[in-house]
Ligand code: 6PG
């Protein structure tokens, strides 16, 4: 192994998939990196990888550390230390060890995990004076971390200014005129042109909140695609490979996204063991680490409707109850399969494409409205055009459609809901009938489509000037004297009807 004598610019602690690839990305962009993991073979593997990938005429840019004291000694001051450890207790465990190793007040520790945003708020306060606890959520998985992720930094602004050049260098890039990703997956040849997918999000916790909502949208977007797969497979009897072809075709249009592309690839992958489509050999029980759930919980707490995101979390929960589903599959009645003509099949596919697009717009509308309501509650100033911009490349929900969201917020930074933007209201108004036909077909054929259908209920609820909450308020007043406002009196004036009296009288409360 080559000797490394220069002080490093960045320390990376935790060399799992994300940490190792972030370290390689930082090194690829010309920074020297000191790396540490409790698991020594991981340290050796990262350094060896850097050596393999580095051009022969360049000096080594990665050095291993045996412990945190050694890492602190190898870093230029103020030190920048990237944490890539599992969210929760491990983050505080490393922070404690860094304090014991002698970290200093001006040093910056950046948590890049999927931490719960409230933990980040607490940590910034807890470690004040000992070091600067900064955070930067990262999206993009293994390839993103290596060649350009979307980065959502938040916390101390001075710390941000210090790490900004590094963050801009390692982030994914987009072409500023088209809004499309500039991708090059070549070690030693990082993308240096284009707009970097990172922006300062705001005070501590805000970056992790934004990443949490990104993941909530990710859950919903993934579930929508899965529902389309089931509708095509159970509804039309199509093979996984042919569904992959349809997804590839959709991926050339308004549904173009990273998730659509990988779904087609997954569907067309053969199982190395049986030769069957791999997807048919994968057990239908979805895992989750919690960020989608946190988004749904936050939406309930804040009172922001995000039913499609919540349905996506429930869909994963139902999927895990495989035994119960197997028992009920032969117990509960459903419709007989419907055989469609070729022209009806073609119409079904066109309707589904429109349904998917409309439901997708609703998921994003829910996520962005949730961020807006959270920002108000937390007194954060979030720039939604910038957030949409940094999701155009690098992250899991990257999609051409994010350019339209960017433009919608550039035109009106205070948009109450994406459905208010002309570009989306017009397209949904034009496509809603096909969306309805898809939902109706799913119900009539007994194929569950919880996200596609919850989204249409969301759309229709917002279309209603009048909802049945008048009756609901009447019910509440009836059994609990909870009072109601009247349509013909000033807002805030409360009334109660004496429901139990013989002569029901109205009183102003
Ligand atoms: C990303 C992903 C990544 C991970 C999530 C979701 O943006 O790169 O969101 O953070 O995939 O943790 O994982 P689960 O589906 O396991 O909850």
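Conditions (1) closer than 20 Å to residue 249 by Cα; (2) in a helix (DSSP H, G or I); (3) over 23 Å from the mean Cα position of the chain (by Cα), marked per residue:
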residue: 353; (1), (2), (3): yes, yes, no
residue: 360; (1), (2), (3): yes, yes, no
residue: 367; (1), (2), (3): no, yes, no
residue: 372; (1), (2), (3): no, yes, no
residue: 435; (1), (2), (3): yes, yes, yes
Please tell me if residue 220 is touching a strand residue (DSSP E or B) at 6+ places or on another chain (Cβ under 7 Å) and at pLDDT 95 or above.
no
Which of the residues spanning the stretch 149-159 are in contact with a strand residue (DSSP E or B) (Cβ under 9 Å, 6 or more places away or on another chain) and more than 10 Å from residue 198 (Cβ to Cβ)?
154, 155, 156, 158, 159
If we ask which residues in the stretch 259-279 are over 20 Å from residue 358 (Cβ atoms) and part of a helix (DSSP H, G or I), their number turns out to be 8
Inspect all residues belonging to the stretch 168-184 and state whether any of them is surrounded by fewer than 17 Cβ atoms within 10 Å (Cβ to Cβ) and without any contact (Cβ under 8 Å) to a residue 12 or more places away in the chain.
yes
Within the stretch 50-78, track down each residue that is touching a residue at least 60 places away in the same chain (Cβ under 8 Å) and under 11 Å from residue 33 (Cα atoms).
71, 74, 75, 76
Find the residue count for the stretch 135-158, including only residues that are within 19 Å of residue 115 (Cα to Cα), away from the ligand (no atom under 16 Å from the Cβ) and out of contact with any helix residue (DSSP H, G or I) (no Cβ under 8 Å at 6 or more places or on another chain).
0
Criterion: over 21 Å from the mean Cα position of the chain (by Cα), more than 16 Å from the ligand (Cβ to nearest atom) and more than 26 Å from residue 196 (Cβ to Cβ) - qualifying residue of 428, 419:
428
The stretch 6-18 - residue that is over 12 Å from residue 62 (Cβ atoms) and touching a strand residue (DSSP E or B) at 6+ places or on another chain (Cβ under 8 Å) and, of those, surrounded by the fewest Cβ atoms within 10 Å (Cβ to Cβ)
7
Kindly check whether there is at least one residue in the stretch 228-237 that is closer than 30 Å to residue 179 by Cα and away from the ligand (no atom under 14 Å from the Cβ).
yes
Only residues that are closer than 24 Å to residue 164 by Cβ and out of contact with any strand residue (DSSP E or B) (no Cβ under 8 Å at 6 or more places or on another chain): list them for the stretch 25-52, please.
25, 28, 29, 30
From (1) assigned to a loop (DSSP other than H, G, I, E, B); (2) modelled with pLDDT of 95 or more, pick out the condition that doesn't hold for residue 169.
(1)
Going through 278, 293, 255, 300 one at a time, which residue ends up being buried (at least 19 other Cβ atoms within 10 Å of the Cβ) and away from the ligand (no atom under 16 Å from the Cβ)?
255
Could you go through the stretch 435-447 and let me know if any residue there is out of contact with any helix residue (DSSP H, G or I) (no Cβ under 9 Å at 6 or more places or on another chain), under 22 Å from residue 227 (Cα atoms) and touching a residue at least 40 places away in the same chain (Cβ under 8 Å).
yes
Selection status of residue 124, over 26 Å from residue 402 (Cα atoms), away from the ligand (no atom under 16 Å from the Cβ) and not in a strand (DSSP E or B)
yes
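The values are calculated or read from the model by the stated rules, or taken from the named source; none is laboratory data. From a predicted model like this one, the values you see are computed outputs, not experimental measurements. Positions of Cβ are generated from backbone atoms using ideal geometry, with glycine treated the same way; all protein chains shown enter the neighbour counts.
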